[in-house]
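The values are calculated or read from the model by the stated rules, or taken from the named source; none is laboratory data. What you see is a predicted model; the values in this text were computed from it and never measured. In this analysis, Cβ positions are derived from the backbone assuming ideal geometry, glycine residues included, and neighbour counts consider all displayed protein chains. The area values use the complete protein model at the heavy-atom level, side chains included, leaving out ligands, DNA and RNA. Shrake-Rupley method; radii C 1.70, N 1.55, O 1.52, S 1.80 Å.
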Amino acid sequence: MARIIDGKQTAATVTDTVAEAAATLEREAGVKPGLAVVIVGNDPASHAYVNAKSRMAKQCGFNSMQYSLAEETTQDELESLVAKLNADPAVHGILVQLPLPRHLDSEPVIQSIRPEKDVDGLNVVNAGKVASGDLASGLVSCTPAGAMILVRNIHGSDLSGLNAVVIGRSNLFGKPMALLLLAGNATVTMAHSRTKDLAAICRQADILVAAVGRPFMVRQDWVKPGATIIDVGINRIDAPEKGEGKTRLVGDVAFDECAEVAGAITPVPGGVGPMTIAMLMANTVVAAYRSVGRPIPSF
Ligand code: NAP
């Protein structure tokens, strides 16, 4: 039976370090890290994510600012708010919750966030730094950064000689995750919807990362015995066993059967998810340290 990777526990360790670093910065430099979270519209799932982020920012001792804009907000209004936050020295991190309502174009909004405040790591400057192997001077996208901490907890920081397979090639997760594994010296394969014989490719993986959005796609016979499985997928499925109309969250991996052969595996929920919020806090405190030229804490 695989070791269950406890993302909640690891995330709590990260946020404890963040809270300590924030307190030190305030005490010694008079700077309180400020995180501005912007949400447009009424999507309940997005509101739940944003509330969790704002709550965690407060727990870390940050100045937590939440901007809830109406569904009919225009592109200009949203970009003006980002410009205002870009210019505000009390704001060290800006996060615009995605997806935006359909009438808004997210790309120019994300690209207008100053790279040093882009705590989601989605600006092309930060993405480009990861692509060029510079993991020190930018801000790394939160979910892959968090997933890498879980990988390092199992394998250490040098992944030399290990095969890693990432299923999914999104800018948000798959591409940066593959680049981070590569920077750790793993031999990396990126798989996607056009990949042939995905099962055979996955069976080569010492580290198998699934980020697709298809419940239970990865089956037991896709898994190399002893492999580490990082399940990034978040899928809501019907759960009639919990009562009529009830649902539950599952990953992209058929957890029970894969746990029988894997060496270590993340659960959903409680694996990668909590790491994403923790790394958002870590990026914000890093941005605040950089704003006053102080050496940054490491996570
Ligand atoms: P996305 O942009 O929709 O990308 C999905 C990827 O999966 C694409 O590259 C797609 O290939 C590939 N794919 C689709 N069907 C496939 C198939 N049958 N076989 C192989 N590959 C297939 O999604 P995303 O934003 O990366 O997110 C992926 C999942 O992770 C979602 O469930 C999302 O909710 C979750 N997620 C979780 C967190 C977290 O905090 N835990 C954060 C981000 C995302 P093509 O490129 O060829 O279309």
> When ligands, DNA and RNA are left out and all protein chains stay put, how many square angstrom of accessible area per residue does segment 28-118 have with a 1.4 Å probe?
Replying inline: 48 Å²
> Counting pairs of Cα atoms in segment 28-118, how many percent are more than 21 Å apart?
Replying inline: 29 percent
>> Using only the Cα atoms of segment 105-222, what are the Rg and Dmax in Å?
In response: 14.8, 45
> With every protein chain left in place, what is the accessible area per residue of segment 163-230 in square angstrom, probe 1.4 Å?
Replying inline: 47 Å²
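Where the convex hull is taken over the Cα atoms of segment 34-183, what is its projected area averaged over directions, in nm²? Don't skip to the answer; put the middle values down first.
Details: hull surface 38.7 nm².
Taking a quarter of the hull surface, the average projection is 9.7 nm².
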> Can you pull the Kirkwood radius for the chain, inverse mean 1/r over Cα pairs, to one decimal in Å?
Replying inline: 19.9 Å
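Determine the share of segment 165-206's accessible area contributed by carbon and sulfur atoms, expressed in whole percent, with a 1.4 angstrom probe.
Numbers: 1090 of 2130 Å².
Within segment 165-206, the accessible surface is 51 percent carbon and sulfur.
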>> Quick check on my link table: of K53/K175; K32/K84; K32/K117; K32/K58, which ones sit more than 22 Å apart, alpha carbon to alpha carbon?
In response: K53/K175
> Applying the Karplus parametrisation 6.51 cos²θ - 1.76 cosθ + 1.60 with θ = phi - 60° to the phi angles of segment 249-259, what ³J(HN,Hα) value in whole Hz is obtained for each residue in order, glycine and proline being reported as x?
Replying inline: 9, 9, x, 8, 10, 6, 4, 4, 6, 6, 4
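Rounded to the nearest percent, how much of the accessible area of segment 28-118 (1.4 Å probe, protein heavy atoms only) is carbon and sulfur?
Of all accessible area on segment 28-118, carbon and sulfur atoms account for 53 percent.
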>> Taking θ = phi - 60°, what integer Hz values does the Karplus form 6.51 cos²θ - 1.76 cosθ + 1.60 yield along segment 133-139, in sequence order, with x for Gly and Pro?
In response: x, 8, 9, 9, 9, x, 10
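What order do K117, K175 take when sorted by accessible area (1.4 Å probe), most exposed first?
Numbers: K117 15, K175 85 Å².
Sorted descending by solvent-accessible area, the residues read K175, K117.
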> Around I167, which amide H atoms from residues at least 5 apart in sequence, or from another chain, sit under 5 Å from its own amide H, with H modelled in the peptide plane?
Replying inline: A191, V209, A210, A211
> When the chain is modelled as a GNM with alpha-carbon springs shorter than 10 Å, which of L150, L182, L249 fluctuates the most?
Replying inline: L249
> Cα to Cα, under 18 Å, and not fewer than 8 places away if on the same chain: which aspartates and glutamates meet these conditions relative to K8?
Replying inline: D16, D231
> Can you list the residues, at least 5 places off or on another chain, whose amide H is less than 5 Å from the amide H of V38, using H built in the peptide plane?
Replying inline: Y67, L95, V96, Q97
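If you take every DSSP beta bridge fully contained in the chain, what fraction is antiparallel? Give it as a percent rounded to 5.
Restricted to the chain, the bridges split so that about 10 percent are antiparallel.
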>> For segment 161-232, take N as its residue count and report Rg(C-alpha) divided by 2.2 N^0.38 Å.
In response: 0.98
> Using the per-residue mean of other Cβ atoms lying within 10 Å as a proxy for protection, in what order, highest first, do the peptides 70-82, 88-100, 39-51 fall?
Replying inline: 88-100, 39-51, 70-82
> Average projected area of the Cα convex hull of segment 1-70, in nm²?
Replying inline: 6.2 nm²
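Restricting to Cα pairs below 8 Å that are 6+ residues apart, what does the relative contact order work out to for segment 1-137? Please round to a whole percent.
Details: 160 pairs, mean separation 31.3, N = 137.
Rounded, it is 23 percent for segment 1-137.
State, as an integer percentage, the relative contact order of the chain based on alpha-carbon contacts under 8 Å between residues 6 or more apart.
Values: 603 pairs, mean separation 65.8, N = 299.
For the chain, the relative contact order is 22 percent.
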